[in-house]
Amino acid sequence: MIGADPCTGWLKEAVRLDDRGFVLTGEDCGADAPTPYNVFQTSLAGVFAVGDVRSGSVKRVASAVGEGSVVVQAVHARLASLRRLSRVATSVGARLPSVQRAPPDAHQIRS
Ligand SMILES: Cc1cc2nc3c(=O)[nH]c(=O)nc-3n(C[C@H](O)[C@H](O)[C@H](O)COP(=O)(O)OP(=O)(O)OC[C@H]3O[C@@H](n4cnc5c(N)ncnc54)[C@H](O)[C@@H]3O)c2cc1C
């Protein structure tokens, strides 16, 4: 951010922005709000926004630092959940070695 203008043009295809270019988070994402809910969560799961660039934030140093420290917990939780999913996928893959990549043919579907 320079002065009061957020430099978020490069982000607009990835996350929802407000009409001034600030990044929307939490319930401000509306129907795009990912779950589990987090006040600093953007419309893209696993991507968080804090500080001045966040829409509706208090534009002060102390609040930017505070938001950054609070969101660390959500980042750790997100990484832990991805690690869990990865372990489950690996373990399921190991137990089902014959999982087919291609869809079954019509004969298999009928039987
Ligand atoms: C003139 C002025 C006076 C202020 N006075 C006060 C005051 O007295 N007290 C107070 O509490 N607050 C004050 N503020 C507000 C305070 O500066 C901000 O609230 C605070 O700096 C926000 O921190 P931030 O980390 O969210 O954003 P920033 O400090 O803006 O940090 C964002 C960083 O990201 C970098 N960046 C941006 N885009 C990219 C990119 N694409 N790739 C890599 N890096 C990028 C920027 O260069 C910048 O270094 C003032 C602000 C201004 C402009």
The residue that is surrounded by the most Cβ atoms within 10 Å (Cβ to Cβ), considering only those in segment 1-38 that are of a type in the set (D, E, K, R) and in a loop (DSSP other than H, G, I, E, B), is Arg16
Quick check on segment 66-86. Is at least one of its residues at pLDDT 95 or above and among the acidic types (Asp, Glu)?
yes
Failed condition for Val65, given (1) more than 16 Å from the ligand (Cβ to nearest atom); (2) surrounded by 11 or more Cβ atoms within 10 Å (Cβ to Cβ); (3) not in a loop (DSSP other than H, G, I, E, B), with all others met?
(1)
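Within segment 1-35, can you find the residues that are under 20 Å from Ala74 (Cα atoms) and out of contact with any Asp or Glu (no Cβ under 7 Å at 6 or more places or on another chain)? Steps first, answer last, please.
In the first step, residues of segment 1-35 are kept if they are under 20 Å from Ala74 (Cα atoms); the result is 14-16, 23-30, 32-35.
Within segment 1-35, Ala14, Val15, Val23, Thr25, Gly26, Glu27, Asp28, Cys29, Gly30, Asp32, Pro34, Thr35 qualify.
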Select from segment 16-41 the residues that are modelled with pLDDT of 95 or more and of a type in the set (Val, Ile, Thr) and list them in ascending order.
Val23, Thr25
Restricting attention to segment 39-56, and to residues there that are of a type outside the set (A, V, I, L, M) and surrounded by fewer than 16 Cβ atoms within 10 Å (Cβ to Cβ), which single residue is nearest to the ligand (Cβ to nearest atom)?
Gly56
Can you tell me which of (1) under 13 Å from the mean Cα position of the chain (by Cα); (2) assigned to a helix (DSSP H, G or I) is the one Leu44 doesn't meet?
(2)
Of the residues that sit in segment 21-35 and are in contact (Cβ under 8 Å) with a residue 24 or more places away in the chain and away from the ligand (no atom under 12 Å from the Cβ), which one is nearest to Gly66 (Cα to Cα)?
Thr25
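The values are calculated or read from the model by the stated rules, or taken from the named source; none is laboratory data. Just so you know, these numbers come straight off a predicted model, no measurement behind them. Backbone-built Cβ (ideal geometry, glycine too); neighbour counts: all protein chains shown.
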